[in-house]
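Please treat every number below as a calculation from the coordinates, not as lab data. Fair warning: this is a prediction, and the values are worked out from it, not measured in the lab. Cβ placement follows ideal geometry from the backbone for every residue including glycine, while neighbour counts extend to all protein chains displayed.
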Amino acid sequence: MTNNIYLNVNVGADSTLDEPVVLGKPPRGSFDGELVLTIGSNAHIRPFTTIYAGSQMGNNFQTGQCVSIRENNSIGDFVSIGTNSVLEIGNNIGNYSRVHSGCFMELTTIGVYVFVGPNVAFTDDPHPMCPQYKRCKRGAIVEDYVKIGANSTILPGVRIGKHSLIGAGSVVTEDIPMYSVAVGNPARVIKKIADLTCPPGIFKRPYLWPPYIDKDSVEKDLIE
């Protein structure tokens, strides 16, 4: 099996493409080479990944196996997209963020150093399609340093504030303030990040380590 590389695909130096992958597939209504696909240096694209034309990925980008990335996606440096994840159109993912295996997102904005656990679904439609579908669809916004637990569902248009933690299996139906811990269906804020404890007693509390915090961070004072 061999790779299928379409026209107008730019892959940076020292990148690894595990056969077979498809790069630069034209989206519906476009032709081969009409749109550019740019992948930065030192990328690792694993087998059975398809990345459409019209997207861009930064340096040190990597995918697991069987990843699908559609057009109009903008992905930063040092980003990882896990096995069997699907990125539909219009996502923006910041540097150093990780999207784990089996995730789905569309029109979603992800900040820097965000961790998205396995099987998290970001929805962009408030209801099944109607004649005015395009007027009301919109994706979620996830601010910097957020952690989202496995099997969570994030509803359209919500904003999750920076440094927040979403518990596994939660359904986020409304905005979550920054530095909050939210769990449940529907997700409700139950405490602040500052109220968390480290069960083994290794740290005073979780996330007191880079990149989430450091001794010079002005945000440290906000969680004391």
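Of all the residues in the stretch 118-140, those that are in a loop (DSSP other than H, G, I, E, B) and touching a strand residue (DSSP E or B) at 6+ places or on another chain (Cβ under 6 Å) number 2. Of Ala150, Ala194, all but one fail to be of a type in the set (Gly, Ala, Ser), closer than 19 Å to Gly102 by Cβ and not in a strand (DSSP E or B); the exception is Ala150. Filtering the stretch 169-191 to residues that are free of Cβ contacts under 8 Å to residues at least 24 places away in the same chain, within 20 Å of the chain's Cα centre (by Cα), in a loop (DSSP other than H, G, I, E, B) and more than 19 Å from Gly139 (Cβ to Cβ) leaves Gly169, Pro177. Would you mention how many residues in the stretch 164-176 are more than 16 Å from Phe122 (Cα to Cα) and exposed (fewer than 14 other Cβ atoms within 10 Å of the Cβ)? The qualifying residues number 0. Among the residues of the stretch 4-34, those identified as within 12 Å of Glu71 (Cα to Cα) and buried (at least 17 other Cβ atoms within 10 Å of the Cβ) are Leu23, Gly24, Lys25, Pro26.
Filtering the stretch 23-70 to residues that are among the hydrophobic types (A, V, I, L, M, F, W, C) and either at positive phi or in contact with a Pro (Cβ under 8 Å, 6 or more places away or on another chain) (or both) leaves Leu35, Phe48, Ala53, Cys66.
Here is the figure for the stretch 35-64: residues that are part of a loop (DSSP other than H, G, I, E, B) and either surrounded by 15 or more Cβ atoms within 10 Å (Cβ to Cβ) or among the aliphatic types (A, V, I, L, M) (or both) total 17. One residue stands out in the stretch 65-77 among those that are surrounded by 17 or more Cβ atoms within 10 Å (Cβ to Cβ) and of a type in the set (Gly, Ala, Ser): the one that is nearest to Met105 (Cα to Cα), namely Ser68.
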